[in-house]
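Here's the structure, in structure tokens; my notes come after.
The values are calculated or read from the model by the stated rules, or taken from the named source; none is laboratory data. Remember, it's a predicted structure, so these values are computed and weren't measured experimentally. Neighbour counts run over all protein chains shown; Cβ positions are idealised from the backbone, glycine included.
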């Protein structure tokens with residue numbers, strides 16, 4: 001149980017550190033998809 005709590009805490013810390021990077025990647029992907037959609041009209 002203690003190792004599970006430790007791994008969840010580590011995962012939470014990883015998400016806190018990488019949240020801005022994940023948001024940046026999602027924004028780029030969304031912009032590319034929107035550009036492809038507009039270009040196909």
Kindly establish whether residue 22 is in a helix (DSSP H, G or I), at pLDDT 95 or above and surrounded by 10 or more Cβ atoms within 10 Å (Cβ to Cβ).
-> no
Please give the number of the condition residue 34 fails out of (1) part of a helix (DSSP H, G or I); (2) surrounded by fewer than 10 Cβ atoms within 10 Å (Cβ to Cβ); (3) modelled with pLDDT of 90 or more.
-> (2)
